[in-house]
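What follows is a single structure, written as structure tokens, with notes after it.
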Amino acid sequence: MRIVSGEFKGRTLVSVPDNSVRPATDRVKTTIFNMLQNRLRIYGANVLDLFAGSGNLGFEALSRGAANTVFVESSNNVVRTIQKNIELLKCDERADIVQLDAMYYLNSCRERFDLIFADPPYVYEQTIELPALIFQKNLLNNNGLLIIEHSKHTVFETSKIFQLSVQKEFGQTRVSFFQKMTIAD
């Protein structure tokens, strides 16, 4: 795993030492950030990386100028890996780690973000609940984006408060972009 662009370009991140984490591939990560270019200004953004794993997506956002990234991860072992990557990149003033279950964090969160990444395990049964919870709790700023990496077999329900704006498929992986529903004048 390496940082693709920006301040930390070319730097290799420490990986989780077991197979409990499935990091976003460079191809998927590059596509996500290319798609973000025309949708959201990353420079100065407040980012949330749920199910952070090694922090691959959150560190890429920091490298591209995000003001801050909050990494949410429940596993002790994985949290230690994120901490090692923060130390490696010397970005501790712009990175926060919260060791909690992602759903618990979302239910108790009072902060708002410009960009939320969620990369839950493909077998995580609550993946389809993430968009509704995030938009109901108003955790995204206006024009903010939620990006979920998930199995191509996961289907999200429609809603009156958010919309699925784009999806991209990579083999068994699908990346879905969600945004607040806009009301026509």
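Each value in this text was obtained by applying a stated rule to the coordinates, not by laboratory testing. Worth saying up front: this structure is predicted, and the values here are computed from it rather than measured. Cβ: placed from backbone, ideal geometry, glycine included. Neighbour counts: every protein chain shown.
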Practice item. With a Förster radius of 22 Å, plug the Cβ-Cβ distance of Lys137 and Asp26 into 1/(1 + (r/R0)^6) and report the FRET value to the nearest 0.05. Key: 0.10
Review point. Of the chymotrypsin sites (Phe, Trp or Tyr not before Pro) in the stretch 29-137, which ones lie in a loop per DSSP and count no more than 15 other C-beta atoms within 10 Å?
Key: Tyr43, Tyr122
**Study point:** Sequence of Leu140, Leu115 once ranked by neighbouring C-beta atoms within 10 Å, starting from the fewest
**Key:** Leu140, Leu115
Practice item. Give the calculated FRET efficiency between Asn76 and Arg2 to the nearest 0.05, with a Förster radius of 22 Å applied to their Cβ-Cβ distance. Key: 0.30
Exercise for review: Tell me the Kirkwood hydrodynamic radius of the stretch 75-185 in angstroms, computed as one over the mean inverse distance between distinct C-alpha pairs.
Suggested key: 15.4
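Rank the residues Lys90, Lys84 as a footprinting-exposure proxy: fewest other Cβ atoms within 10 Å of their Cβ go first.
Values: Lys90 9, Lys84 15.
Lowest count first: Lys90, Lys84.
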Revision key, fill the gap. For Val28, Val166, Val123, Val72, ascending order of other Cβ atoms within 10 Å (fewest first) is Val123, Val166, Val28, Val72
Check your understanding: Which value in Å is the Kirkwood Rh of the chain over different Cα pairs?
Key -> 16.3
Exercise for review: Tell me what the chain gives for mean residue ellipticity at 222 nm when only DSSP H runs of n ≥ 4 count, each as -39,500 (n - 2.57), the sum divided by the residue total, rounded to 500 deg cm²/dmol.
Suggested key: -7500 deg cm²/dmol
Review point. Which distance in Å, rounded to a whole number, links the C-alpha centroids of the stretch 116-156 and the stretch 52-75?
Key: 16
Review point. Can you count the Lys pairs in the chain whose Cα atoms are under 14 Å apart, with each pair 8 or more apart or on different chains?
Key: 6
Check your understanding: Does anyone have the angle between helix 76-89 and the longest principal axis of the chain? Alpha-carbon axes, 0 to 90°, nearest 10?
Key -> 70
